[in-house]
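Notes to accompany the following structure.
The values are calculated or read from the model by the stated rules, or taken from the named source; none is laboratory data. In this text the structure is predicted, and so the values were computed from the model without any measurement. Cβ coordinates were reconstructed from backbone atoms using ideal geometry, including for glycine residues, and neighbour counts include every protein chain displayed.
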Amino acid sequence: MDFFYEHRRIGTLKEGVFRKRVKKSKHLMRMNDSWGIQLNALNQLNDQKCTEIRILETEENKVYSVPFEKMWKESQTMMFDGEQAFLPRSEWTITDNTK
């Protein structure tokens with residue numbers, strides 16, 4: 001299932017895992033070193049029983065993953081290109097995607 005924001009595909013949900021591709025230089029919220037997801041998408045992911053969120057960062061080729069429940073309960077909502085939920089990178093499990 002694809003998720004969109006303003007006619008742009010922002011990610012895909014498959015088998016309970018939401019996957020999103022981003023560039024750190026463009027998508028990282030630098031003021032609090034966080035990754036964000038559109039709040040309306042997060043609400044839809046909750047309705048669809050999402051279990052995990054994975055962000056593939058394409059410039060450093062790393063995968064950031066976090067249980068959905070952690071994102072749902074601990075993220076901060078901010079207005080930035082629409083209303084988004086942000087969770088600091090320190091809360092994500094980071095995997096080198098080149099191996």
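Just for region 1-24: of the residues that are modelled with pLDDT of 95 or more and outside any strand (DSSP E or B), which one is nearest to Gly82 (Cα to Cα)?
Gly16
Any idea which residue in region 57-84 is surrounded by the fewest Cβ atoms within 10 Å (Cβ to Cβ), counting only those that are among the aliphatic types (A, V, I, L, M) and modelled with pLDDT of 95 or more? Give the derivation first.
From region 57-84, those among the aliphatic types (A, V, I, L, M) are 63, 66, 71, 78-79; that's our starting set.
With the extra rule that they be modelled with pLDDT of 95 or more, the set shrinks to 63, 66, 71.
Numbers: Val63: 15, Val66: 20, Met71: 24.
Going through the qualifying residues, I end up with Val63.
Out of curiosity, is Asp33 touching a Gly at 6+ places or on another chain (Cβ under 9 Å) and at positive phi?
Values: touching a Gly at 6+ places or on another chain (Cβ under 9 Å): no; at positive phi: yes.
Considered against the rule, which asks whether it is touching a Gly at 6+ places or on another chain (Cβ under 9 Å) and at positive phi, Asp33 comes out as no.
Of the conditions (1) among the basic types (Lys, Arg); (2) modelled with pLDDT of 95 or more; (3) surrounded by fewer than 17 Cβ atoms within 10 Å (Cβ to Cβ), Arg54 satisfies every one except a single condition; which number is it?
All conditions are met except number (3).
Give Leu28, Leu42, Leu56, Leu87 a once-over and let me know the one that is touching a Ser or Thr at 6+ places or on another chain (Cβ under 7 Å) and aliphatic (A, V, I, L, M).
Values: Leu28 fails: touching a Ser or Thr at 6+ places or on another chain (Cβ under 7 Å); Leu42 fails: touching a Ser or Thr at 6+ places or on another chain (Cβ under 7 Å); Leu56 fails: touching a Ser or Thr at 6+ places or on another chain (Cβ under 7 Å).
After applying the criteria, what remains is Leu87.
So which pairs qualify, if the first residue must be in region 25-51 and in a helix (DSSP H, G or I), the second must be among the polar types (S, T, N, Q) and modelled with pLDDT under 95, the Cβ gap must be under 7 Å, and the two must be at least 6 apart or on different chains?
Matching pairs, first to second residue: Leu39/Thr77; Leu39/Gln84.
Select from region 52-79 the residues that are acidic (Asp, Glu) and outside any loop (DSSP other than H, G, I, E, B) and write down the one among them that is farthest from His27 (Cα to Cα). First the steps, then the outcome.
Our first condition is that a residue be acidic (Asp, Glu); within region 52-79, this holds for 52, 57, 59-60, 69, 74.
The next check asks that each one be outside any loop (DSSP other than H, G, I, E, B); those that pass are 52, 57, 69, 74.
On the way: Glu52: 19, Glu57: 9, Glu69: 22, Glu74: 19 Å.
Looking at the filtered set, the residue picked out is Glu69.
Considering only residues of region 1-49 that are aromatic (Phe, Trp, Tyr) and surrounded by 14 or more Cβ atoms within 10 Å (Cβ to Cβ), which is farthest from Met79 (Cα to Cα)? Talk me through it step by step, then tell me what you get.
Initial filter on region 1-49 (aromatic (Phe, Trp, Tyr)): 3-5, 18, 35.
Applying the additional criterion that residues be surrounded by 14 or more Cβ atoms within 10 Å (Cβ to Cβ) yields 3, 5, 18, 35.
Values: Phe3: 19, Tyr5: 14, Phe18: 22, Trp35: 13 Å.
Applying the filter and picking the extreme gives Phe18.
Filter region 80-95 down to residues that are more than 16 Å from Arg21 (Cβ to Cβ) and in a strand (DSSP E or B), then give me how many there are.
7
Does Asn40 fit the bill of being modelled with pLDDT under 95, more than 11 Å from the chain's Cα centre (by Cα) and over 19 Å from Thr95 (Cβ atoms)?
When the stated conditions are applied, Asn40 passes them.
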